[in-house]
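The values are calculated or read from the model by the stated rules, or taken from the named source; none is laboratory data. In this text the structure is predicted, and so the values were computed from the model without any measurement. FYI the Cβ positions are ideal-geometry reconstructions off the backbone, even for glycines, and counts take in every protein chain you see. In case anyone asks, the SASA skips ligands and DNA or RNA and just uses the protein heavy atoms, side chains included. Shrake-Rupley method; radii C 1.70, N 1.55, O 1.52, S 1.80 Å.
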Amino acid sequence: DPPGPRALPGPGMFADRTAPGADVQSLWRSGRSARCEAKACQTGKISTAEAAAQSHIARDAAVQTEQNNDAVQDFQQEVQVDYTGLLSFLQRVEDAVIKELNKNWKSHAFDGFEVNWTDQDETVLCLHSLSYPEAQDQNLHVTSVSWNATGAVIACSYGRLDDGDWSTEKSYVCTWNLDRRALNPQHPDLVVDVPSSVMCLAFHPSQPSLIAGGLFSGELVVWDTSRTEDPVIWRTGMTDDTHTDPVYQVKWLPDTKHRSHARLLSVATDGKILVWRKEQDGRLVLAEGFAIVAQQIPRSTRLKKVAWGEAAVGVTSLSFSHFEPGVFVVGVEGGYSLRCSAAARAPALPRPGGSVPLRAPAELTFSPHAGPVYSVSCSPFHNLFLSCGTDGQVHLHSMLQTQPLFALQLSKKYLFCVCWSPVRPLVFAAASGEGVHLFDLARSTQKPTVTLKQSTSDCPVYCLEFNTKHTRLLAAGDAAGTVKVWQLSSDFTEQGPREMNHLEQLASEIMD
């Protein structure tokens, strides 16, 4: 019989077993250590050497032909100077030459002419198109623009200039620093929420972070843009002295007594022109004030007879003379421009309330527009001013006579703002319902030199301001909530020779 299955030890039929290992000694290692040899897998070091490709000997090779010494000698032999004749000639012409040189030395032909080595720009370009989407979503308009003291920051105010319940509209003040590399046109560097519509703005003339605003409610507020958490530092509050109508213009005035302090001037359609000083507790307190009263507007024999009691006296704009201290021009809703004096002492008609008696500053009434005056601007170069209004006309006035030097029908729509150039005596800009018009009176007194389309649609431009530091920049704000920064061509920024004489001649010819 075959043998049966063999029984395996352990608890089960299958189990793991480990056999002992077998070691084999390395004769190579023992032999190598005995001979003290070192072996590695890397190849031996590669020998390198540097060799210059340049030659050590330099030699100049000229491409010009060799000079012929004989030719030089022949040429020198041909030059024979008649020194006696030359001396005689110089003696004959000496008196005439000296006379002409003296005449040229005394000439004023190049007075005011400055050489400009910068690149010439022949076209007007739109550098930036700035906006705040949240304000645009509420269909708010840009009511005012202002450049700060450095010329790098542009601020705009949002509000309403059409029909609507403006008093309940929330509005904004926005600023952009155009020198920042990360400039976002639709993301302002600072946004200030304002409970009432902001109608006008003005940066402080020397402190770059201070900006004043006039509200629809009649109140004035001063913000410090360096304080992002709580930028309001001064305000008038609602008192008996506060304007009772919207504030349409605000200006900083230097304080003659305290040079470190600045005062604020505001104008409103309640007919008041108020000057404010700051207090330590954050309040703006009324220092002095004026009022344009219909019964006290000086009548002019050249004006047509009108019902003076019906003439509106709401003040819409103001501009100070650059030549007569304390003299300023105001535009009023009745269509008139008035020359006023801050030194006036005649009291205005008494009005209820108010801590300071108001004076009547009007001295001279100029020939009116056919509708309310929206803007006046005094020339920095001459005793002239511009005015514009709802009749679409621009009037150029001398401060000394009632009739305009000329009246220009610039637009079929309203004109909202007019502003002289700070660097060109013959250039001004006007904002209309059609865009921005740039005028150069050296070229034409009848039509604008350039008309800038602010937008593809017929969007009214409500405000504009030249940059006095970067004189090629002009900012304009419109009804679509957009601020456009235009770079002007060199034609509008470089003063030509005898341009001041041209302006004086233009004024005197028209006056004659």
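Residues that are assigned to a strand (DSSP E or B), more than 23 Å from the chain's Cα centre (by Cα) and under 21 Å from ALA344 (Cα atoms) within the range 354-380 comprise ARG359, ALA362, GLU363, LEU364, THR365, listed in sequence order.
Yes or no, residue by residue, for (1) farther than 24 Å from LEU274 by Cβ; (2) touching a strand residue (DSSP E or B) at 6+ places or on another chain (Cβ under 6 Å):
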position	(1), (2)
LEU364	no, yes
TYR374	no, yes
GLY389	no, yes
LEU408	yes, yes
TYR414	yes, no
PRO422	yes, yes
ALA442	yes, no
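The C-beta contact set for the range 477-489 (first residue over 17 Å from CYS200 (Cα atoms), second residue among the β-branched types (Val, Ile, Thr), distance under 7 angstrom, 6+ apart or interchain) comprises VAL485/ILE154; TRP486/VAL124; GLN487/VAL124; LEU488/VAL124; SER489/THR123; SER489/VAL124. Would you confirm whether or not the range 381-395 contains a residue that is assigned to a loop (DSSP other than H, G, I, E, B), under 23 Å from GLN249 (Cα atoms), among the aromatic types (Phe, Trp, Tyr) and open to solvent by 10 Å² or more (accessible area, probe 1.4 Å)? Yes, the range 381-395 has at least one match. When only residues in the range 236-260 that are modelled with pLDDT under 90 and of a type in the set (Lys, Arg) count, which is least open to solvent (accessible area, probe 1.4 Å)? So the residue we want is LYS257. In summary, strands (runs of 3 or more DSSP E) completely within the range 127-225 and bearing 3 or more residues that are farther than 16 Å from GLY477 by Cα and without any contact (Cβ under 8 Å) to a residue 60 or more places away in the chain occur at 190-194, 210-215, 220-224. Among residues of the range 436-447 that are at pLDDT below 90, those with a beta-carbon under 8 Å from a residue that is of a type in the set (Gly, Ala, Ser) and assigned to a loop (DSSP other than H, G, I, E, B) at least six positions away or on a different chain give the pairs ALA442/GLY496. Among the criteria (1) open to solvent by less than 10 Å² (accessible area, probe 1.4 Å); (2) among the polar types (S, T, N, Q); (3) touching a Lys or Arg at 6+ places or on another chain (Cβ under 8 Å), the one SER367 does not fulfil is (1).
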